Structures are given as C-alpha cells and as structure tokens.
Amino acid sequence: MKFFVDTAEIAAIAELNDLGMVDGVTTNPSLIKKSGRDIIEVTREICAMVSGPVSAEVTATDADTMIAEGRKLVEIAGNIAVKVPLTWDGLKACKVLSDEGHMVNVTLCFSVNQALLAAKAGATFISPFIGRLDDINLDGMELIEDIRTVYDNYGFETQILAASIRSVNHIADSARVGADVITAPPSVIKAMVNHPLTDKGLDAFLADIKAAGIKIL
Ligand code: G3P
C-alpha cells in the first residue's frame with residue numbers, strides 16, 4: 001500500500017520523505033489555505049521534493065475551466081495529478097485530461113456509483129472520504145471495501161486512494177480491505193509507530209543496559 005501525505009506543509013512532508021514514508025502528496029484548497037502559500041509556488045516545491053504523484057486541485061466548477069486549470073497545473077511538474085470534484089463537469093474534465101495522458105484524482109467520492117463513474121472516465125485515483133462518512137454515522141470503511149469489490153469485479157485499474165483519514169485505525173483498516181493508497185495528515189502517519197508495549201519493553205531494556213553497563217561503542 002502506498003502512503004500519500006495529506007498536507008501542503010513543506011517541513012512536514014520533508015520529515016516523512018527523509019524516512020522513505022512518502023509515495024506521494026495530496027493537497028486541496030483547505031490545505032493550501034492552511035499553508036498560507038501560493039498554490040503554484042508551494043506545489044512546485046512539493047513536486048521537486050517528492051518523486052511520486054502530487055495532487056493539486058482545480059478551483060473551477062465548469063469543465064472547460066477545470067480543463068484549462070488542469071493543463072496549467074500539469075506544467076508545474078511531471079508528477080502532478082490533477083484533482084477534480086466528483087461532478088459531471090469534474091468527470092468530463094477527468095476524461096479529457098486523462099485522454100491527454102495526465103494523472104487525474106477524482107475527489108469527494110461518497111458512493112460506489114460515483115467511484116464507478118470516475119473509473120469509466122479514466123481516473124488514475126478515486127478518493128473516497130472515510131472520515132466525512134463516519135462523521136454522519138455512515139461507515140466510511142464499508143465504502144472502501146465495496147469499491148474494492150466492484151473495481152476487482154470488472155478489472156478497473158483506477159487506484160483506490162482512501163482519504164479523509166482521521167485515525168491510525170483508518171490506515172490499518174484501509175490496508176486490510178485492500179485500498180491501493182492512503183492519504184493521511186502527517187500527525188496520523190507519525191502516530192502509527194506508537195505502542196505502549198514498545199515503550200514498556202524499551203524501558204526494561206534500558207534499565208538492564210544501565211544495570212549491566214552494556215556498551216557497544
Ligand atoms: O484530501 C482530502 C481529505 O483527506 C480531507 O480530509 O479530514 O478534511 O475530511 P478531512
């Protein structure tokens with residue numbers, strides 16, 4: 001499973017990238033706003049740092065402008081994935097841009113039917129939002145599982161990019177049900193290492209190292 005980082009914060013991406021944990025990056029208008037940076041400048045910096053796909057989202061809602069924005073975004077670097085919303089206009093832009101050979105990430109997916117449409121429009125990635133479904137008492141993980149089944153039934157190559165990840169359990173469960181990619185905030189990826197038994201075991205080893213005066217260097 002690939003790990004994408006869901007942020008436009010350069011320092012946070014760099015920290016995880018140095019550890020080999022970054023297969024790509026996803027951004028959206030809210031994350032760009034949070035960064036306080038110009039979308040083109042910050043996206044260019046991210047693309048220079050990360051070799052995998054970097055999703056940059058269009059701002060328009062009509063297909064023609066989305067296509068024009070997408071063509072401008074892909075000029076930033078060869079690893080841009082144009083992010084478009086799951087609307088008919090977004091699907092039209094997806095079809096045109098993917099036919100031109102560009103990667104497209106179709107975002108704001110909340111149903112299997114929407115995921116089917118995105119795959120048929122040639123999406124490289126489909127982004128179902130787990131957390132936002134959980135927020136309204138639905139089961140986000142069930143959607144990931146259903147899309148996996150449907151895509152496998154028909155051999156669709158669109159990659160399932162589990163998004164709106166809020167907890168470490170979302171990541172483990174996405175892996176269990178076969179998501180191709182997860183995108184998560186840096187804090188959630190970093191929290192994956194935590195286990196109280198690891199801390200407890202290390203404390204015991206450190207006590208014995210001290211007591212026995214064990215030295216390697
Ligand atoms: O990139 C989109 C997505 O990950 C948003 O997450 O937490 O705002 O629902 P959230």
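The values are calculated or read from the model by the stated rules, or taken from the named source; none is laboratory data. Keep in mind it's a predicted model, so treat the numbers as computed, not measured. Virtual Cβ from ideal backbone geometry, glycine too; neighbours counted across all protein chains shown. Areas reflect the complete protein model, heavy atoms only, side chains present, ligands, DNA and RNA absent. Shrake-Rupley method; radii C 1.70, N 1.55, O 1.52, S 1.80 Å.
Exactly one of (1) in contact with a Pro (Cβ under 9 Å, 6 or more places away or on another chain); (2) surrounded by fewer than 19 Cβ atoms within 10 Å (Cβ to Cβ) is unmet by Gly24. Its number?
Here Gly24 meets the rest and fails (2).
When Val104 is evaluated against the numbered criteria (1) farther than 23 Å from Cys47 by Cα; (2) in contact with a Cys (Cβ under 7 Å, 6 or more places away or on another chain); (3) β-branched (Val, Ile, Thr), which criterion, by number, is the only one it fails?
Single failed check for Val104: (1).
Please verify whether region 62-85 includes one or more residues that are over 15 Å from the mean Cα position of the chain (by Cα), part of a loop (DSSP other than H, G, I, E, B) and closer than 18 Å to Thr107 by Cα. Step through it out loud before you land on a result.
The first filter runs over region 62-85 and keeps only residues over 15 Å from the mean Cα position of the chain (by Cα), leaving 62-78.
Filter once more, keeping what is part of a loop (DSSP other than H, G, I, E, B): 62, 74-78.
The next check asks that each one be closer than 18 Å to Thr107 by Cα; those that pass are 62, 74.
Checked against the condition, which is being over 15 Å from the mean Cα position of the chain (by Cα), part of a loop (DSSP other than H, G, I, E, B) and closer than 18 Å to Thr107 by Cα, region 62-85 yields at least one hit.
Conditions first: (1) open to solvent by less than 60 Å² (accessible area, probe 1.4 Å); (2) closer than 19 Å to Ile182 by Cα. Val96 passes all but one, so which condition is the exception?
The failed condition is (2).
Determine, yes or no, whether Ile76 is in contact (Cβ under 8 Å) with a residue 24 or more places away in the chain and open to solvent by 10 Å² or more (accessible area, probe 1.4 Å). Please lay out each step first, then the result.
On the way: in contact (Cβ under 8 Å) with a residue 24 or more places away in the chain: yes; open to solvent by 10 Å² or more (accessible area, probe 1.4 Å): yes.
The answer is yes for Ile76.
How many of the residues making up region 23-47 are more than 14 Å from the ligand (Cβ to nearest atom) and farther than 15 Å from Val5 by Cα?
7
Using beta carbons and a limit of 7 Å, which pairs, at least six apart or on different chains, have the first residue in region 127-142 and within 24 Å of Leu91 (Cβ to Cβ) and the second one charged (D, E, K, R)?
Taking only residues 6 or more apart or on different chains, the pairs are Gly131/Arg166; Leu133/Asp139; Gly140/Asp134.
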